[in-house]
Amino acid sequence: LLPAEAEALVRSLQGTELRDTGGQGWLQQHECVEKLNMHAILSASAGQEQLLTELLVTYAKIPVLIGELISVEIWKHKIFPVLCQLEDFKPRSTFPIYVVLHHEASIINLLETIFFHKEICESAEDSILDLIDYCHRKLTLLIARSANRQTVTPAVLVPPQELQKQAETMEFEISLKALSVLRFITDQVESLPLSALTRMLNTHNLPCLLVELVEHCPWSCREAGKLKKFENGMWHVVPPEDQVKMTKLDGQMWLALLNLLLSPECQRKYHFDDFNKSQLLKLRAFLTDVLMDQLPNLVEMQRFLSHLAVTEPAPPKTDLILEQVPVIWDHILKKNRGKWEAIAKYQVKHVFSPTEEELKLQARRWAQTYSLDMMEALAPDKPRCRVCGAEAAKRCSRCRNEWYCTR
């Protein structure tokens, strides 16, 4: 995007009402989010994301993005189940439903890309509490999915049935991105509001939650005797020589733990009671020499845990704290409580029964947004030859799908 285009897109971002989810105005905003998301990925890969960061901070749009994230999550769990039970809910296409589900993925992906910067985290202001709560809910879902060793069916049931698997996969990927966002938030513990730190450490007990993640490792599994790991949006079979290699997700998890356990401010506030102490000491079994060679900072954690094992930590200071509550979540729930069925009926009539002409128009708009060249630029891996697997520079001119290296 040109600087003027990026600025126009950022300025156009605004909060939407829950009942307008999936409507024409909402879809236009989703296009803006998607374009900013792709722009952020390409800019970050080129080390040029400063302009977008400045625009989002200058126009105070981070709380708006977090508000949209929470709004879609509430829609999924409150409106959609009611929508599916209505007799007259017979959408002409699953496309509008799928876009609503994808909206959450687009926003969390954008936040993951930009939250690396301290000024972005600070510009979230009070909405950071909502984002912390959101990440906590997603990590809890991850742990439940892994503890059962099966896919946890989300609250969203997408008609027709063939989209159900896509919805489950999307929920899994969103949860993984929430882990990255949480790690970037913990990078800024020194500059976070007191209420945010208290919420992470004592309300949600994130250190113990992360210990659960270390134990279950949801992005790793064994199938038919082979180790598979989830990375770059796909499950890969890991060759024996790489099985002890740390993935990006492993790194995010350990860095978040380092930030929450070794920060002086966190150590002062965290309740090191018997339960928390026993949970944290489980980490010692995972701190192998191979792991610490890949992330040397873990030596400090090993030293901290050894000290924790033989000492009784001082009880946390009992300061008087007026705890804030998540503003966005509470506001949306209070405003729409008791209206779930009315909103669902409104959306059946005005949103999820598009005409043939409306579907064609929207399809043309998305074709412009998701061009093949743009998607190739965003792909993490270069295309490979369909026959020999070598890096390929040519693509079939008929199907536009298969790649090859030579004729």
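Please list the three semi-axes, largest first and in whole Å, of the ellipsoid equivalent to the stretch 184-278, using sqrt of 5 times the eigenvalues of its alpha carbon gyration tensor.
After diagonalising the Cα gyration tensor, the semi-axes are 31, 14, 10 Å.
With every protein chain left in place and a probe of 1.4 Å, what is the accessible surface of Trp26, to the nearest 10 Å²?
Trp26 has an accessible surface of roughly 10 Å² with all protein chains in place.
Going by average Cβ density within 10 Å per residue, which order do the peptides 270-283, 250-263 take, highest to lowest?
For the peptides 270-283, 250-263, the packing ranking is 250-263, 270-283.
Which order do the peptides 111-118, 354-361, 184-191 come out in when sorted by mean C-beta neighbours inside 10 angstrom, highest first?
Highest-to-lowest ranking by the protection proxy: 111-118, 184-191, 354-361.
Suppose the chain between Tyr346 and Met292 were pulled fully straight at 0.36 nm per residue; how much longer would it get relative to their current alpha carbon spacing?
13.9 nm
So what is the relative contact order of the chain, in percent, for Cα pairs below 8 Å that sit 6 or more residues apart?
After rounding, I find 20 percent.
Taking the mean number of other Cβ atoms within 10 Å as a proxy for protection, how do you rank 384-392, 328-336, 28-36 from highest to lowest?
28-36, 328-336, 384-392
First compute the accessible area of the chain with a 1.4 Å probe, then give the percent of it belonging to carbon and sulfur atoms.
That share works out to 53 percent.
In whole Å, what are the extents of the chain along the principal axes defined by its C-alpha atoms, from largest to smallest?
Cα spread of the chain along its principal axes, largest to smallest: 71, 61, 44 Å.
Taking a probe of 1.4 Å, how large is the accessible area per residue of the chain, in Å²?
On a per-residue basis, the chain sits at 51 Å².
Pairs of Cα atoms under 8 Å, at least six residues apart: use those to get the relative contact order of the stretch 1-109, whole percent.
39
Whenever you get a sec, line up Glu122, Glu173 from highest to lowest accessible area (probe 1.4 Å, protein heavy atoms).
Glu122, Glu173
How tilted is helix 356-369 with respect to the longest principal axis of the chain? Cα atoms for both, answer in degrees (0 to 90, nearest 10).
The angle comes out at about 50 degrees.
Given only helices, namely DSSP H runs of n ≥ 4 each adding -39500 (n - 2.57), what is the per-residue ellipticity at 222 nm of the chain, to the nearest 500 deg cm²/dmol?
Calculated from helices alone, the mean residue ellipticity at 222 nm is -17500 deg cm²/dmol.
Dipole magnitude of the chain about its Cα centre, charges +1 at Lys/Arg Cβ and -1 at Asp/Glu Cβ only, in debye to the nearest 20?
In total the dipole reaches around 1160 debye.
Of Lys248/Lys394; Lys228/Lys248; Lys229/Lys277, which sit over 19 Å apart, Cα to Cα?
Lys248/Lys394; Lys229/Lys277
The values are calculated or read from the model by the stated rules, or taken from the named source; none is laboratory data. Keep in mind that what you see is a predicted model, and the values were worked out from it rather than measured. Note that we place each Cβ from the backbone using ideal geometry, even for glycine, and neighbour counts take in every protein chain shown. Heavy atoms of the whole protein, side chains included, go into the accessibility calculation; ligands, DNA and RNA do not. Shrake-Rupley method; radii C 1.70, N 1.55, O 1.52, S 1.80 Å.
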